[in-house]
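Q: This is the structure I have questions about; it appears just below.
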Amino acid sequence: MGVENANRIPTSSSENEFTSSGEWDNKNAVFFAKMAIEETAKLYGSIFTRMASKYALEFEVEKLKEKPPENIQGLEEVINYITANLDRYPRGHCALVYGIGKADYKLQGSSAAGSKRAAYGASKSIIGNSGILNSVVGTTEDVFEACKKWIAAVQSTKVMIPTRFIRGENNQVNIVFHACCMHKDACMALLEEGISRMIGGLECIILILINAGVEIITKKHFDYTLEEFDKPDCRGRIFEV
């Protein structure tokens, strides 16, 4: 099922479960991935931007099945190249997600150290730009309720896929991502190269973002784990630490 059909899945909710509908804009996805690179560079410095841009370009030209353009340099030029080719490879943001994960891995020996910082910064910016930061932060310590508030805050960004949230015990939430997930190309590439989290297991950009969002809202610490990948859905869990 393509994301166009997935977008028709209605939003539903109950006391202990809700499903968010998905809405996707390819250009918005590139913009937010660029934001994540810039946020991560605050942690590592300019070397991160150079490395992430290099790996993103390599990923993009592989998907386009062409030689890399001559004299392309810097993140902005890579972004322009990816954006110009969204008609040929609509999931161009995956090149940037891959670039973040691989650069993080090369610098730290695993993914997620810088990626989580990037997600936190990007998430805070998204909530802030939504105009509801003051009304959301600190309003709940319950992770399930925080997920609802987070989805409401970011729905307008149009970088969402259909996602099911199920309340668990001990302030946990189980999350099921629809098989149409637009990030899978990046996940598959990182998996093939053996790039994983420091504690082991696969990385998941959606879990990173949701985890960052609930931490901002609850002012508490959470972690996440991806428990099933591409079967055909992906399933994960966020839990208090």
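The values are calculated or read from the model by the stated rules, or taken from the named source; none is laboratory data. None of the values given here were measured: they were computed from a predicted structure. Cβ atoms come from the backbone with ideal geometry, glycine included; neighbour counts cover every protein chain shown.
Q: Please give the number of the condition E203 fails out of (1) more than 18 Å from A36 (Cβ to Cβ); (2) touching a Ser or Thr at 6+ places or on another chain (Cβ under 6 Å); (3) part of a loop (DSSP other than H, G, I, E, B).
A: (1)
Q: Now, a different point. Output the residue which, of all residues in region 53-73 that are touching a Leu at 6+ places or on another chain (Cβ under 7 Å) and of a type in the set (A, V, I, L, M), is modelled with the highest pLDDT.
A: Initially, region 53-73 is screened for residues touching a Leu at 6+ places or on another chain (Cβ under 7 Å), giving 53, 56, 68, 72.
If we keep only those that are of a type in the set (A, V, I, L, M) too, we end up with 56, 72.
Numbers: A56: 98, I72: 92.
For region 53-73, the residue satisfying everything is A56.
Q: Which ones in region 119-144 are more than 15 Å from the chain's Cα centre (by Cα), hydroxyl-bearing (S, T, Y) and modelled with pLDDT under 90?
A: S130, S135
Q: When the residues of region 127-183 are narrowed to those that are among the charged types (D, E, K, R) and outside any helix (DSSP H, G or I), which ends up farthest from I208 (Cα to Cα)?
A: Going residue by residue through region 127-183, those that are among the charged types (D, E, K, R) are 141-142, 145, 148-149, 158, 164, 167, 169.
From the residues that got through so far, the ones that are outside any helix (DSSP H, G or I) too are 141-142, 158, 164, 167, 169.
Numbers: E141: 18, D142: 18, K158: 17, R164: 16, R167: 18, E169: 21 Å.
Among those residues, the one meeting the criterion is E169.
Q: So in region 151-178, with the set limited to residues that are more than 21 Å from F31 (Cβ to Cβ) and aliphatic (A, V, I, L, M), which one is surrounded by the most Cβ atoms within 10 Å (Cβ to Cβ)?
A: First pass over region 151-178, keeping only residues more than 21 Å from F31 (Cβ to Cβ): 162, 164-178.
Still in the running and aliphatic (A, V, I, L, M): 166, 173, 175-176.
Working: I166: 17, V173: 25, I175: 23, V176: 16.
The extreme case among them is V173.
Q: Run A41 past the list (1) more than 21 Å from V154 (Cβ to Cβ); (2) at pLDDT 90 or above; (3) not charged (D, E, K, R) and report the number of the one that doesn't hold.
A: (2)
Q: Continuing with the same structure: Among the residues of region 196-220, what is the count of those that are of a type outside the set (K, R), modelled with pLDDT of 85 or more and surrounded by fewer than 19 Cβ atoms within 10 Å (Cβ to Cβ)?
A: Filtering region 196-220 for residues of a type outside the set (K, R) gives 196, 198-218.
Next, from what is left, pick out any that are modelled with pLDDT of 85 or more: 204-218.
Okay, now just the ones that are also surrounded by fewer than 19 Cβ atoms within 10 Å (Cβ to Cβ), so none.
Adding up the residues that qualify gives 0.
Q: Quick one: in region 47-56, which of the residues that are hydrophobic (A, V, I, L, M, F, W, C) and crowded, with 22+ Cβ neighbours inside 10 Å is farthest from L190 (Cα to Cα)? Lay out the reasoning, then the answer.
A: Looking only at region 47-56, we keep the residues that are hydrophobic (A, V, I, L, M, F, W, C), and these are 47-48, 51-52, 56.
With crowded, with 22+ Cβ neighbours inside 10 Å added as a condition, the list becomes 48, 52, 56.
On the way: F48: 17, A52: 13, A56: 12 Å.
Among residues in region 47-56 that are hydrophobic (A, V, I, L, M, F, W, C) and crowded, with 22+ Cβ neighbours inside 10 Å, the one farthest from L190 (Cα to Cα) is F48.
Q: A further question on this structure: Name the one entry in C181, C147 that is within 29 Å of K106 (Cα to Cα), surrounded by 17 or more Cβ atoms within 10 Å (Cβ to Cβ) and modelled with pLDDT of 85 or more. Even if it seems obvious, please write down each step before you answer.
A: On the way: C147 fails: within 29 Å of K106 (Cα to Cα).
Only one candidate passes the filter, namely C181.
Q: Additional query: Tally the residues that are within 12 Å of K27 (Cβ to Cβ) and either of a type in the set (K, R) or outside any helix (DSSP H, G or I) (or both), restricting the search to region 92-108. Before the answer, list the steps.
A: If we filter region 92-108 for residues that are within 12 Å of K27 (Cβ to Cβ), which is where we start, we get 92-93.
Filter once more, keeping what is either of a type in the set (K, R) or outside any helix (DSSP H, G or I) (or both): 92.
Here the count works out to 1.
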